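One structure is given here, and the rest of the page talks about it.
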Amino acid sequence: MDWSEMLFQGWSGILRTAIVGTLAYAALVVALRTSGKRTLAKLNAFDLVVTVALGSTLATILLSKNVALAEGVTALLLLIALQYGVTALSVRSTSFARIVRSEPTLLLRDGETLPRAMKRARVTEAELETVVRTEGQRDPETVAAVILESDGSFSVIAAPEAVRRTGSGGLPSGL
């Protein structure tokens with residue numbers, strides 16, 4: 001094994017990485033600014049996949065000598081165009097939107113867990129308690145709601161002070 005080649009293969013590779021990397025990065029920034037904030041919003045699983053794919057594509061452009069800058073920029077632009085198309089279509093078609101994104105799930109209401117919703121979301125009571133504590137609440141009973149958002153994050157809505165003292169419900173029953 002040639003240790004010197006593992007550590008340094010010559011200046012041409014470094015020069016290529018610097019030039020192609022700078023140009024690919026600039027192209028990505030311009031494309032993202034043109035496509036709008038929604039491209040990297042991470043509002044649902046599809047958005048996350050596109051964000052990861054953009055990063056992976058940029059890394060491939062930077063490090064693979066088999067990918068020309070033009071091909072790499074085309075791949076980045078294709079991912080952004082597809083993301084733009086899917087989000088535009090999901091705004092116009094509710095049935096398509098249901099396919100692409102998930103709806104938020106109410107897991108806890110007025111201190112009471114919703115076991116069927118938790119089972120569907122594959123969230124345990126211990127995980128739910130961790131989420132509640134992470135948001136600075138000591139007990140799930142002091143929480144009006146915990147919602148698993150479509151991007152996989154949790155929203156914790158604290159019960160109003162009066163509700164905590166009296167124990168009466170904090171959320172409308174329709175939620």
Checking residue 23 against (1) modelled with pLDDT under 85; (2) assigned to a helix (DSSP H, G or I), the condition it does not meet: (1)
Filter result (closer than 30 Å to residue 81 by Cα and among the polar types (S, T, N, Q)) within region 3-27: 17, 22
Go through the residues of region 36-54 one by one and say whether even a single one is out of contact with any strand residue (DSSP E or B) (no Cβ under 6 Å at 6 or more places or on another chain), aromatic (Phe, Trp, Tyr) and not in a helix (DSSP H, G or I). no
Checking 38, 92 in turn, the sole residue that is modelled with pLDDT of 85 or more and basic (Lys, Arg) turns out to be 92
What do you reckon, is residue 49 open to solvent by 90 Å² or more (accessible area, probe 1.4 Å) and closer than 28 Å to residue 121 by Cα? yes
What pairs come up if the first residue lies in region 67-85 and is polar (S, T, N, Q), the second is open to solvent by less than 30 Å² (accessible area, probe 1.4 Å), and their beta carbons are under 6 Å apart, counting only those six or more places apart or on different chains? 83/39; 83/50
Region 101-153, residues that are open to solvent by 40 Å² or more (accessible area, probe 1.4 Å), farther than 30 Å from residue 90 by Cβ and outside any helix (DSSP H, G or I): 110, 112, 113, 124, 136, 138, 139
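The values are calculated or read from the model by the stated rules, or taken from the named source; none is laboratory data. Keep in mind that this is a model prediction, so the values were computed, not measured. Here Cβ is always computed from backbone atoms with ideal geometry, including for glycine, and neighbour counts include all displayed protein chains. These area figures cover heavy atoms from the full protein model, side chains too; ligands, DNA and RNA do not enter into them. Shrake-Rupley method; radii C 1.70, N 1.55, O 1.52, S 1.80 Å.
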